[in-house]
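Here's the structure, in structure tokens; my notes come after.
Quick note: the coordinates plus some simple rules give every number you see, no bench work behind them. Treat the numbers as computed from the prediction; the structure is a model and nothing was measured. Virtual Cβ from ideal backbone geometry, glycine too; neighbours counted across all protein chains shown.
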Amino acid sequence: MGVELDWERLEEVVARAVARARSEEMREVAEAIKLLAGYMREGFEKTFKILEEQGKRLEEHSRLLEKHTKVLEEHSRLLEKQGRLLEEHTKILEKHSRLLEEHGRLLEEHGRRLEELTRAVGELSVAVGKLSVAVGELKVAVGSLGRRWGRDLERMVLELYRHALEERGVEAGRVEKFVYTDVDGRFYRRGARIEVGVYIHDEKVYLVEVKSHAELEDVERFYDKAGIVEKILGRRAEKLIVVAVNIDKEALERARELGIEAVYGAVIE
């Protein structure tokens with residue numbers, strides 16, 4: 001702490017010295033001292049104001065420094081936290097890098113397997129192509145066999161019910177297959193193929209449909225087909241006869257409604 005000057009006391013002492021000065025020189029010295037004391041007072045007061053202002057600034061700076069210190073401490077904590085996060089992220093990235101490497105190896109392996117599978121599919125396609133050709137040839141053979149089998153089956157069914165047919169005036173061995181293709185659609189549909197069994201005796205025409213299992217649709221189709229054949233032959237059929245090993249009950253009832261005679265082995269309920 002500095003010593004605080006009592007300027008009023010100093011001015012009073014200088015004033016008394018000036019009053020007591022006996023010579024002109026002494027009064028001038030006293031006046032000079034008084035003037036110097038005034039300058040000094042003024043200078044000290046300005047200095048004290050400056051120092052006071054600087055003290056206030058220093059206090060403000062101290063508060064700012066304290067605030068900045070707290071901010072820096074907070075930043076330090078944030079940086080420390082970010083450092084930990086960065087370290088954690090680095091570990092995660094390293095883990096992801098390892099996973100990506102593993103995925104790369106798996107993709108490469110899958111690529112090789114896909115290439116092998118593609119080759120296998122190509123070979124399989126070739127084999128399927130060869131098989132398709134073989135199937136086509138087999139279909140042709142089966143179709144031919146099916147037609148022969150169908151004719152043989154019809155002959156067998158007709159022979160099986162020979163006596164029942166003879167009772168109705170039909171000789172089983174003389175029933176022939178009538179096949180007509182309606183090329184221009186004159187009697188039915190253009191290009192339609194119509195097949196039915198025909199027996200002709202004493203100028204009488206008998207139309208015969210042979211089935212291993214006769215259903216309602218078979219009976220109605222035969223009735224419609226018989227009408228077309230009558231137009232083609234220009235003659236009315238003496239009888240329409242369905243010959244079947246088995247016949248549905250509703251098909252038998254429909255045949256009776258349409259005037260079709262039925263020769264059968266069993267009725268299916």
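Annotations for the structure displayed:
- Computed FRET value (nearest 0.05) for Arg77 with Tyr39, which takes r as the C-beta separation and R₀ as 51 Å: 0.35
- Positive contributions from Lys and Arg (+1) and negative ones from Asp and Glu (-1), summed over other residues with Cβ under 11 Å from the Cβ of Gly169, come out at -3.
- Size descriptor for the stretch 165-268, Kirkwood hydrodynamic radius: 14.0 Å (Cα pairs only, one decimal).
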